[in-house]
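Read the figures in this text as sums done on the coordinates, not as results from a lab. It should be emphasised that the depicted structure is a prediction, and the values quoted were computed from it without experimental measurement. Cβ placement follows ideal geometry from the backbone for every residue including glycine, while neighbour counts extend to all protein chains displayed.
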Amino acid sequence: MQKLTVSFCDIIASMHLTSFLEPYCGRFISITGGGGKTSLLSLLGRYFRNQGKSVLLTTTTKLMSPRLHDYGQDIIFEDESVLGYRPEKGQTVFYAEHSTMDMKKWIAPREEVLSALSSFYDVIISEADGSRGLPVKIHTERDPVINPMTDTTIAVMGLWAVGDKICSSVFGDGRDGIVDKDYVQWYLDSDEGLLKGMKGNKVIVFNGADTCPYDIVNQLRIPDDVTSAAASVMKDEIYG
């Protein structure tokens, strides 16, 4: 009989990212950074809906139009008529304002509207940053836009940036050089880096660990009040 061996890495890889994140997730989750924010928003929305919770997906910046991207929503609102709707348990509602300036992007609702909606939903998940599709985001004085109700912040970084040029992988940094361990550590330590603005429970998801080396994650100095994991948002798995 062939002996079956299971490594520690195999056990870790069998864990779902959503299950890992759930204990840290409050009622208002803000997602920042780059390299998988929108995919994580959709993943968490489906996860909590499947648990029978009412879920609101929204943004404090901009999001791809739900006509162009599948967020897994059951119903879409593009204006403040959402205030008159009462979600059912196990239902996901997408709400952002339809933009006449850019048909591909929908924009943030008023903060007062989200505050009013908060009593109707079990979970609100908000994309609170923009990186133009790049895996790393350097912030400015304007971002990220963290809603005051936030009790969980999940910051995302795409591991496929490691080894690539800074100017082609990092939104907001046009310097020469390579994204290496020292750069990622600077990114964590910088006032305008990955941890900027985090509120409540703080989690870093180093995304892309299913296709990229992730040993760099274990070499980083991460603050004691921040939880982190190398993961694949697309596969809903963690790797360490």
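As a footprinting exposure proxy, order ILE238, ILE31, ILE222 by other Cβ within 10 Å, with the fewest listed first.
Details: ILE238 22, ILE31 25, ILE222 16.
With the sparsest Cβ surroundings first, the list reads ILE222, ILE238, ILE31.
Considering only Cα-Cα distances, which of the following residue pairs are longer than 22 Å: LYS37/LYS199; LYS105/LYS235; LYS62/LYS199?
Those over the limit are LYS105/LYS235.
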Residue among LEU195, LEU117, LEU83 with the largest mean-square fluctuation in a Gaussian network model of the chain, springs linking Cα atoms under 10 Å: LEU83
Fluctuation leader among THR100, THR92, THR152 - the chain, Gaussian network, Cα springs under 10 angstrom: THR100
Cut-off of 10 Å, at most 13 other beta carbons, DSSP loop: longest stretch of the chain lacking such trypsin sites (Lys or Arg not before Pro): 4-66
Most positive-pole-ward Cα, GLY163, GLY72, PHE20, against dipole of the chain from beta carbon charges: GLY72
Cleavage-rule hits, chymotrypsin sites (Phe, Trp or Tyr not before Pro), region 98-132, DSSP coil, Cβ neighbours within 10 Å at most 16: PHE120
Per-residue ³J(HN,Hα) for region 130-135, Karplus 6.51 cos²θ - 1.76 cosθ + 1.60, θ = phi - 60°, Hz, x for Gly and Pro: x, 9, 6, x, 8, x
Mean shadow area of region 123-240 over all directions, Cα convex hull, nm²: 7.3 nm²
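What does the charge count near VAL82 come to, summing +1 for each Lys or Arg and -1 for each Asp or Glu among other residues with Cβ under 12 Å from its Cβ? All intermediate terms of the calculation are to be shown ahead of the outcome.
Working: positive: ARG86, ARG110; negative: GLU78, ASP79, GLU80, GLU97.
Residues close to VAL82 contribute a combined charge of -2.
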Rounded D (µm²/s) - region 15-238, Kirkwood Rh over Cα pairs, Stokes-Einstein at 25 °C, 0.890 mPa s: 140 µm²/s
For LEU56, residues with placed amide H under 5 Å, excluding near neighbours: VAL93, VAL123, ILE124, ILE125
Computed helical MRE - 222 nm, the chain, DSSP H runs ≥ 4 contributing -39500 (n - 2.57), nearest 500: -5000 deg cm²/dmol
